[in-house]
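What follows draws every value from the coordinates through simple rules; no lab data is involved. Please read all numbers here as calculations on a predicted model, not as lab measurements. Here the Cβ positions follow ideal geometry from the backbone for every residue, glycine too, while neighbour counts run over all protein chains shown.
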Amino acid sequence: MKLVVQRVQQASVKVRGEIVGQIGAGLLVLVGIHKDDDGSEIKWLANKLVGLRIFEDADEKMNLSVQEIEGEILVISQFTLYGDSSKGRRPGFSEAAMPKVALKHYQNFAEALSNLGIKPQEGIFGEHMEVSLINDGPVTMIIEK
């Protein structure tokens, strides 16, 4: 699994013109599921994400987690994180998990976040989504396991 994590002041996701997920200060997380993922990485990634210290403390040091600032998380599935553009000009997606498997892992990841005390807002798996955000910093991290 691969997470692209953005520290945001706010973020939202629309499907067919309607907002389906929206947060204030917190993390926008794009989630890619690899074809070889078996689910064993989900708990580790959820713990890493919730504990990631990328919010500033009173001394303006990145020293606080999303939990410590009582922030929110918006999770968006994104199979294109496993796109391969090394050959030609059209990316291939053979490294991404098949939709049925990816959906299961995506749902389990959201549940793992809930179990850690942060119920995420979510996009709609497999739908065309419009994601809006105000990146804070900007701060963007990639976490992969």
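Indicate, rounded to the nearest 5 percent, the antiparallel portion of the DSSP beta bridges found entirely in the chain.
Taking every DSSP beta bridge with both residues in the chain, the antiparallel ones total about 75 percent.
When only Cα pairs under 8 Å and 6 or more residues apart are kept, what is the percent relative contact order across segment 78-133? All intermediate terms of the calculation are to be shown ahead of the outcome.
Values: 30 pairs, mean separation 11.4, N = 56.
Over segment 78-133, the number comes to 20 percent.
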Q: In whole Hz, with x marking every Gly and Pro, tabulate ³J(HN,Hα) for segment 9-21 from phi via Karplus 6.51 cos²θ - 1.76 cosθ + 1.60, θ = phi - 60°.
A: 7, 6, 7, 8, 9, 10, 10, 6, x, 10, 5, 10, x
Q | Pairs of lysine residues in the chain - Cα separation under 19 Å, sequence separation of 8 or more or cross-chain | A | 19
(Q) Sort 25-35, 115-125 by packing, meaning the average of other beta carbons within 10 Å per residue, with the highest value first. (A) 25-35, 115-125
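Could you tell me the calculated FRET efficiency between ASP59 and MET141, based on Cβ-Cβ distance and R0 = 25 angstrom, to the nearest 0.05? Before the final figure, lay out each step's value.
Working: r = 21 Å, r/R0 = 0.82.
Between ASP59 and MET141 the formula returns 0.75.
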**Q.** Mean-position separation - Cα centroids, segment 1-67 and segment 92-121, in angstrom
**A.** 12
Q. Can you list residues whose amide H is under 5 Å from GLN78's amide H, if they're 5+ apart or on another chain and H is modeled 1.01 Å from N?
A. VAL31, GLY32, ILE33
Q. Mind checking the angle between helix 42-51 and the chain's longest principal axis? C-alpha axes, 0 to 90 degrees, to the nearest 10.
A. 30
(Q) With a cut-off of 8 Å between alpha carbons and a minimum separation of six or more residues, what is the relative contact order of segment 2-144 in percent? (A) 39
Q: Could you tell me what fraction of 2.2 N^0.38 Å the Cα radius of gyration of the chain comes to, as a two-decimal ratio?
A: 1.03
